[in-house]
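The values are calculated or read from the model by the stated rules, or taken from the named source; none is laboratory data. What you are looking at is a predicted structure, and each value in this text was computed from that prediction instead of being measured. Cβ atoms come from the backbone with ideal geometry, glycine included; neighbour counts cover every protein chain shown. Note: areas computed on protein heavy atoms with side chains; ligands, DNA, RNA excluded. Shrake-Rupley method; radii C 1.70, N 1.55, O 1.52, S 1.80 Å.
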Amino acid sequence: MAASDDYLIDLLVDMGFVTHDQVDAIRPKTDETGEGIVDTLVAEKSLTRTQVAQAKAAHFNAEFVNLSEMRIGDEVIGAVPRNVAKKYNAVPVYATEDSVSIALSDPSDLETIDALQHLLNRNVAVLVASPDDIESSLNRYYGRADDSVSKMIQDITEGEVEIGTLGKLEDAESDGGTVDADAPIIKLVNGMIIEAYRLRASDIHLEPLEKRFRVRYRIDGICHEIKSPPKRLQASIVSRLKIMSNMSIAERRIPQDGRIQCNVGNKVIDLRVSCLPTNHGESIVMRILDKEGLRLGLAELGFFTDDQQTFERLISLPDGILLVTGPTGSGKTTTLYSCLNYINRPDRKIITVEDPVEYQLAGINQVQVNEAIGFSFAYALRSMLRQAPNVIMLGEIRDMETATIAINASLTGHLVFSTLHTNDAPSAVTRLIDIGIKPFLVASSARALMAQRLVRKICKKCGQPYMPPETELKALHIDAAMAASAKFTKGKGCADCNKTGCRGRFGIFEIFLIDDEARKLIYEKVSSSVLRVRAREAGMRTLREDGTRKVVAGLTTAEEVIRATVGDVD
């Protein structure tokens, strides 16, 4: 072993990390023990493992990186599966579609490099980092070896961890005492949050059933069940989450809401927590609030160029009301926030009224309603008009009073954005009239109505050509000529998309521009079906038609669009 150290010893001396005298002094000891000189110098703290790694990098003409000073994106970490990274002590640093740069502690380990190249099916460029740096980065980005949720649940189920403190968690924390941060329940709850965030989940559902305690993550709009904790831990897990979100652990009869803020790696994430009593215990849903999603440009939302230009023109108008419609979870809030980011300039005053304020936006005044003290949407809206805003964003139009103030504001020189829960764009008009708004006010104030849905995006790593079944083509009205020129694509499933074939979501839209003819129909209180016919005549694409364009372009699948939309009525 000492002979193989010779090149490294000379390099370490040349780089000034050790001296010839230190090497000569330690040589007799290594001759007796048979250990390498470099290993002995490290053991005696005459040399650090970082210095050894720097020397190896210099010898192999590889770049040395300090991982502790780097922030590696989730998309790069996703390029190397957890089991591969842990097995080979490899940390991805940069990644493209066909190559990945990986930090290793030993650039001479050709066997590891070949294995990584084969497993990842990409070109592998080798960087060098210290072993300590690699170990801490693996724990930071992939979690500790024994911290996977499934492993923790298995250990608790099989009795491999001490659970004597579980029943005392409530008393310890409610009395101001402290609980060991490594206690099984605390580790398990933290592990669930971290794992859900790593998997890009939007929600964590903890549901008490009759004989088990089900845990599911909602990823790209679809619920995925994970290994369930034992039913006997249900009360302790729920209590822990209620403590973290500042809810009353003594109250189990009424719904409660709370928030949790925690660190995952270098990021601070917020969770909105809802607790609901059910037949078999309290159900908890945690919404993971992803601030990164708010930085989306309009193109990233899913607009094609023509719709994007139309929408940019609409949100740049000086006054009027723009309504975004769709069911819960269809991305309405993200769309409105992206609009505000687009028009947020120093010469415009923007105020939002929300319940609750989910995200902090720089340069925008945000107001949170509080029904408990009578500070309602209508009250907040009336007060904010005295603040002379140019743009108002109203979280949701819920009643006649709020709708009246919002529409009057849009008629007096303000641009108003808001949302409504209707299935399509023309139905927003009849919904406002049903609330109690006079038709002439709706006709005068509305500039455009937009409905949207979210569909899953095909994974870029594993997407490949495919031909949808005839039934799907027929449902989307795709004829033979369209099919011949289409780029139908479907993901086969890979580590990057968690074997689903889809990664991320984007919107499909229908935009109803209110012209003079439409205003006349609104004034006459026609039905939404008549308005829909007028909108189609004026060039409005339906949700399914917009989805079909994106299927033909290879962005999503026919199955996704059919699932998210209803058939068009001729």
Kirkwood Rh, Cα Rg: Rg to Rh for the chain?
-> 1.06
What size of dipole, in debye to the nearest 20, comes out for segment 388-444 about its Cα centre when the only charges are +1 on Lys and Arg C-beta atoms and -1 on Asp and Glu C-beta atoms?
-> 120
Calculate, for the chain, the solvent-accessible area per residue in square angstrom, rolling a 1.4 angstrom probe over the heavy atoms of the protein chains.
-> 48
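Stretched out fully, how many nm does the piece from Ile433 to Ala553 gain, at 0.36 nm a residue minus the Cα gap?
39.4 nm
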Amide H of Ala425: which non-local residues (sequence gap of 5 or more, or other chain) have their own amide H closer than 5 Å, using H built in the peptide plane?
-> Ala451
Sorted from largest down, what three extents in whole angstroms do the Cα atoms of segment 408-523 have along their principal axes?
-> 53, 33, 23
Keeping the other protein chains in place, figure out the carbon and sulfur percent of the accessible area of segment 346-404, with a 1.4 Å probe.
-> 48
Can you give the charge dipole size of the chain about its Cα centre, rounded to the nearest 20 debye, using +1 on the beta carbon of Lys and Arg and -1 on the beta carbon of Asp and Glu?
-> 2580
Efficiency by 1/(1 + (r/R0)^6): what FRET value for Thr412 and Phe60, r their Cβ-Cβ distance, R0 = 51 Å, to the nearest 0.05?
-> 0.10
Go ahead and estimate [θ] at 222 nm for the chain from helices alone: -39,500 (n - 2.57) per DSSP H run with n ≥ 4, summed, over the residue count, rounded to 500.
-> -11500 deg cm²/dmol
Protection proxy ranking of 544-552, 130-138, 307-315 - average other beta-carbon atoms within 10 Å, highest first = 544-552, 130-138, 307-315
For segment 57-141, which trypsin sites (Lys or Arg not before Pro) are in a loop by DSSP, counting at most 14 other Cβ atoms within 10 Å?
-> Arg71
Could you check the simple spin-label distance between Glu537 and Ala362, using points 7 Å along Cα→Cβ, in nm with one decimal?
-> 4.9
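By the scheme Lys and Arg +1, Asp and Glu -1, what is the net charge of all other residues having a beta-carbon under 9 Å from that of Gln464?
With Lys, Arg at +1 and Asp, Glu at -1, the neighbours total +2.
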Mind checking the full-extension length gain between Leu289 and Asp21? Use 0.36 nm per residue of separation minus the Cα-Cα distance, one decimal, nm.
-> 90.6 nm
Taking the Cβ-Cβ separation of Asp132 and Thr96 as r and a Förster radius of 22 Å, what is the calculated FRET efficiency to the nearest 0.05?
-> 0.20
Go through Thr48, Thr422, Thr404 and list them by solvent-accessible area, largest first, probe radius 1.4 Å.
-> Thr48, Thr404, Thr422
Listed residue (Asn341, Ile522, Thr352) projecting farthest to the positive dipole end of the chain, Cβ model | Ile522
Packing-ranked peptide list from 470-478, 51-59, highest mean Cβ count within 10 angstrom first, is 51-59, 470-478
Going toward the positive end of the dipole of segment 388-545, with +1 on Lys and Arg Cβ and -1 on Asp and Glu Cβ, which of Asn390, Ile511, Cys497 do you reach last?
-> Cys497
Please label the shape of segment 446-513 as rounded, prolate or oblate, based on the square roots a ≥ b ≥ c of the eigenvalues of the alpha-carbon gyration tensor (a/c under 1.5 means rounded; beyond that, a/b larger than b/c means prolate, else oblate).
-> oblate
Can you list residues whose amide H is under 5 Å from Glu282's amide H, if they're 5+ apart or on another chain and H is modeled 1.01 Å from N?
-> none
Enumerate by residue number the GluC sites (Glu not before Pro) in segment 14-64 meeting two conditions: DSSP loop (anything except H, G, I, E, B), and at most 16 other Cβ atoms within 10 Å of the site's Cβ.
-> Glu35, Glu44, Glu63
Taking segment 11-106, how many lysine pairs are there with alpha carbons less than 22 Å apart, if each pair must be eight or more places apart or span two chains?
-> 4
Taking only the alpha-carbon positions of segment 289-382 as identical scatterers, the Debye log10 I(q)/I(0) at q = 0.15, 0.18, 0.20, 0.22 Å⁻¹ comes out as -0.68, -0.97, -1.18, -1.37
Taking just the C-alpha trace of segment 318-426, give me its Rg and Dmax in Å.
-> 13.0, 36
Scan around Arg259 for amide H atoms under 5 Å from its own, H built in the peptide plane at 1.01 Å from N, and keep only partners 5 or more places away or cross-chain.
-> Val273
Dipole magnitude of segment 1-144 about its Cα centre, charges +1 at Lys/Arg Cβ and -1 at Asp/Glu Cβ only, in debye to the nearest 20?
-> 660
Looking at the chain, which Cys residues are left with no other cysteine's beta carbon under 4.7 Å from theirs?
-> Cys223, Cys262, Cys275, Cys339, Cys502
Would you mind getting me the FRET efficiency between Ala372 and Ser529? Use the beta-carbon distance for r and R0 = 51 Å, nearest 0.05.
-> 0.80
For Glu44 and Asp399 in one chain, what is 0.36 nm times their gap in residues minus the Cα-Cα distance, to one decimal in nm?
-> 120.3 nm
C-alpha center-to-center spacing [segment 291-368, segment 78-142] in angstrom | 39
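So for the chain: antiparallel DSSP bridges make up what percent, rounded to the nearest 5?
Percent antiparallel among DSSP bridges in the chain is about 65.
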